[in-house]
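All remarks here apply to the structure that follows.
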Amino acid sequence: MSHDSAAAPEAATRKLSGRRRKEIVAVLLFSGGPIFESSIPLSVFGIDRQDAGVPRYRLLVCAGEEGPLRTTGGLELTAPQGLEAISRAGTVVVPAWRSITSPPPEEALDALRRAHEEGARIVGLCTGAFVLAAAGLLDGRPATTHWMYAPTLAKRYPSVHVDPRELFVDDGDVLTSAGTAAGIDLCLHIVRTDHGNEAAGALARRLVVPPRRTGGQERYLDRSLPEEIGADPLAEVVAWALEHLHEQFDVETLAARAYMSRRTFDRRFRSLTGSAPLQWLITQRVLQAQRLLETSDYSVDEVAGRCGFRSPVALRGHFRRQLGSSPAAYRGAYRARRPQGDRQPDPDAATAGAVRPLHPSDPPTALPPENAVPFQTRRTAPPMPAGAASVPGQRSAP
């Protein structure tokens, strides 16, 4: 599912300046970027499919730094254009960035800032969001990226309202997508925005993909453990823990149920899951609290008790460390972003097993800070079909 802005009024009225043309799309490539993500905008915007009813874009492939640009498998790419070509584009796409720990070239950041100032639409696919954030283009805005990197994006750029559960976020003149295939979803959305559902549908048929996917990244987050643990003796202990999150127990209890010493249990659990058992347990309790805050009217004190925390203070501390917000602020922001009629109570929310657990190696969900302004201007979709995952934020209309 997408977070679709109807959106910032200033974005709707922005006009392209200078030599920029709406139909020109510049794709900004860097050395070390993965070839799959890099190829998505090239395929969507660079191939003439007018025979199928898809309006044509003019593609400019631009190098964000000196070449040759190396990509997956040791391949070398030579971009026909440099940063100067971005000055003609009405849309600039950054499909990926090579490393979430290294800063992008300042020259490329300047070119992106200038493009945005001149009215261009700026798009970041997957880790391309880190480039947009480094340029300051995501400050105060909702955004997403690959769920695996979302906590890093939120921590490094605290003014960005990161939601790792969306496939893409459209905030008018700045758009971001989740990882890998979600870049296709966002590019189709751009075509739909520019030329309508029929053109986007025709393009989707050519690409042999759904014109609009339902659901978000949450389905990939909500896995309790790797599949290979199913046959391990620890699986039974983990299942017990997930069914009794409403009770107060610690890792020593789990080790005893596994007939192991604490040290052996810690080592075995980490080797199987990639996560320390204490951190995994805290994450499960926080996730359960998050869902209860979304789907029930329990007080924060009651939520703490139903999630196995020894006190509301413990809940608040862990909740803030993992999600960047207090429980009360999270509930307020969540409800402010959802229409009153769209909040459906979860009949299982009060039971211990109501919450689908996270993969232990998954990072916690990042949230806006307490003083974040709710996204009240964004369009919402009709209620999701029965059984669809409930996710904070507003969705694009089907």
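A few notes on this one:
- Each residue, Q279 and F36, gets one label point 7 Å from its Cα in the Cβ direction; the gap between the two is 2.5 nm.
- Distance between modelled label sites at A328 and N197, nm, 7 Å Cα→Cβ extension: 4.4 nm
- Heavy-atom accessible surface of segment 15-73: percent carbon and sulfur, 1.4 Å: 51 percent
- Surface per residue (accessible, 1.4 Å probe) for segment 1-159, Å²: 43 Å²
- Under 5 Å, built H, 5+ apart or other chain: amide partners of L175: I122, V123, G124
- Note on segment 102-193: Cα-Cα pairs beyond 22 Å make up 19% of the total pair count.
- Each residue, R19 and A336, gets one label point 7 Å from its Cα in the Cβ direction; the gap between the two is 4.4 nm.
- Stretchable slack from T101 to R70, in nm (0.36 nm times residue separation minus alpha-carbon distance): 9.3 nm
The values are calculated or read from the model by the stated rules, or taken from the named source; none is laboratory data. Just so it is clear, the structure is predicted and the values come from calculations on it, not from any experiment. FYI the Cβ positions are ideal-geometry reconstructions off the backbone, even for glycines, and counts take in every protein chain you see. To get the accessible areas, we keep the full protein, side chains included, count just its heavy atoms, and leave off ligands, DNA and RNA. Shrake-Rupley method; radii C 1.70, N 1.55, O 1.52, S 1.80 Å.
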